[in-house]
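Asker: Before I ask anything, let me first share the structure, which is written out below as structure tokens.
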Amino acid sequence: MRVLMVYPEYPETFWSFKHALKFVSKKAAYPPLGLMTVAAMLPKEWEKELIDMNTDILRDEDIEKSDYVMISSMDIQFDSAKKVIQRCRDLGVKTIAGGPLFTTRPEEFSEVDHLVLGEAEMTLAPFLLDLEKGRAKHIYKSDGFPDIGSSPIPDWSLLNMRKYSSMNIQYSRGCPYNCEFCDIVLLNGHIPRTKSAEKLISEMEALYKAGWRGGVFIVDDNFIGNKAKLKKEILPAIAEWMKNRNYPFVLNTEASIDLSDDDELMKLMVDASFGTVFVGIETTEEESLVECGKFQNRNRDLLSSVKKMQEFGLQVQGGFIVGFDHDKPSVFRNMIDFIQKSGIVTAMVGVLTAPTGTRLFLRLKKEDRIVSDFSGNNTSIMTNIVPKMGMKNLVDGYYKILNSIYAPKPYRRRVITFLKNYKPNSIKHVRPFADSVKAFLKSVWVLGIRDKGRMNYWSLLLWTVFFRPSLFPLSVEFAIYGYHFRKSFSFGMLVESDTQSPSA
């Protein structure tokens, strides 16, 4: 049996880092971890090939020489996934599909030969058994959630690591919170399921032996869902392994804001080589936090929480949303001020959308406020809901935020605000030296000479040289990120304006 595993193409988005990746000659930020994990579950005698359409071209001959094409996809890859499926049908090759997109919207993919939905640890084995006996069904579902300790080590042999800027692994699935707009609980459950320390270390060791050195994203939706286990088992084990291997990885992950309440946990994470956490802040408006069920963010000083994590040595990336029913006209200025004062360099601001099947989707559907399919792009103005504040007000306010935080001057000020407050771990991590040099030299040409915001580039680097010289590589990295963010939004509205650019 020959199977071709295909990961559809991402459109250009905030998180694609398309423009930033060019500075280090990489094709994509992360590889398709789900497909590599599924590959390890397939019969050993099968021939397997992986084509990530974000790094390589999918040719008709690749499809034609395969017995099956397996596709995994998220909502944002919908259009590309549809095209791949149609190409397979045109060429007479059967398809097998799974992953978040197909699990939440199976009715839109009747043309797929076999839909293996939910988590592969439960649904793949019954499908493979039926396939072997020649009686494979159209759709396979599961009602529960598996023990992910049984999940195999991803098949890294399928991957050309040189095409990616970072690798990824998984420790847990599920989240103890249940925000109205979020589909994590829908897909992965309310109770976090975790791997053992031995299991996680074995996956890190496999990645190390495969030759990787550099960034590793632990893809969990909320890494700190089980704090007690992290403190007692997981983080001490990671820290020991990192020390023994001379710190080959720099880790980043996603966590809830209550991480800032636990000094011990933050210290353990930093000691275990965590450098960055993405935090869903969403909004500074208390009524909107109540509306969406973001209770862990309520009744706290969000700004102080962010600053505290930075002081412990964690870069905080933030997710923000506008368009809640309780948002007032002041929400846009309040968000601009918060982002600038917080020093959150990577601030993902999106408009409220309703992922299929979420509590928000079901509520707004009853109110006849769902107007289109969910795109999966949370930094697009093309929301699938009718906002209470009115579409024009939402669009105008959203553009105002973007213009105010990603124009060169306010962005530079925000980076400096972060660098002033940030206290990095003293551990020296191994970073690909060639990539760092390549990125700096290209940034000099693209940002320091060609770009209209060149004065802000030089101003940032000079400030760093004089006041935080040890953070110079990070300063260059942020300058490149800012260029990507401006290019990816592509509104042509990011202008220098003292009236639009609040001081950091």
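Asker: Out of region 429-460, which residues are touching a Gly at 6+ places or on another chain (Cβ under 8 Å), crowded, with 17+ Cβ neighbours inside 10 Å and part of a helix (DSSP H, G or I)?
Answerer: Result: Leu447, Tyr457.
Asker: Still on this structure, please answer the following. What tally of residues in region 214-245 results from selecting those that are at pLDDT below 95 and out of contact with any Ser or Thr (no Cβ under 7 Å at 6 or more places or on another chain)?
Answerer: Qualifying residue count, region 214-245: 1.
Asker: Those residues that are among the polar types (S, T, N, Q) and buried (at least 19 other Cβ atoms within 10 Å of the Cβ), I need them from region 178-229; list them, please. Before you say what the answer is, go through the steps one by one.
Answerer: Here is the first cut: in region 178-229, the ones among the polar types (S, T, N, Q) are 178, 188, 194, 196, 202, 222, 226.
If the condition is that a residue be among the polar types (S, T, N, Q) and buried (at least 19 other Cβ atoms within 10 Å of the Cβ), then Asn188, Thr194, Asn222, Asn226 are the ones that fit.
One line per residue, one yes/no per condition, for (1) at pLDDT 95 or above; (2) under 24 Å from the mean Cα position of the chain (by Cα):
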position: Phe418; (1), (2): yes, yes
position: Ile427; (1), (2): no, no
position: Phe478; (1), (2): yes, yes
position: Phe485; (1), (2): no, yes
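Asker: Look through region 301-325, keep the residues that are part of a loop (DSSP other than H, G, I, E, B) and either over 19 Å from the mean Cα position of the chain (by Cα) or modelled with pLDDT under 95 (or both), and return whichever of them is surrounded by the most Cβ atoms within 10 Å (Cβ to Cβ). Write out each step before concluding.
Answerer: Let us first name the residues in region 301-325 that are part of a loop (DSSP other than H, G, I, E, B), namely 301, 312-314, 323-325.
The next check asks that each one be either over 19 Å from the mean Cα position of the chain (by Cα) or modelled with pLDDT under 95 (or both); those that pass are 301, 312-313, 323-325.
Values: Asp301: 10, Phe312: 20, Gly313: 19, Gly323: 24, Phe324: 26, Asp325: 17.
Looking at residues that are part of a loop (DSSP other than H, G, I, E, B) and either over 19 Å from the mean Cα position of the chain (by Cα) or modelled with pLDDT under 95 (or both), I get Phe324.
Asker: How about region 57-80: which of its residues are in contact (Cβ under 8 Å) with a residue 60 or more places away in the chain, over 19 Å from Ala120 (Cα atoms) and of a type outside the set (Ser, Thr, Tyr)? Write out each step before concluding.
Answerer: Step one: list which residues in region 57-80 are in contact (Cβ under 8 Å) with a residue 60 or more places away in the chain, which gives 65-80.
Checking which are over 19 Å from Ala120 (Cα atoms) leaves us with 65-67, 76-80.
Result: Lys65, Asp67, Ile76, Gln77, Phe78, Asp79.
The values are calculated or read from the model by the stated rules, or taken from the named source; none is laboratory data. Since this is a predicted model, take the numbers as computed values, not measurements. Cβ: placed from backbone, ideal geometry, glycine included. Neighbour counts: every protein chain shown.
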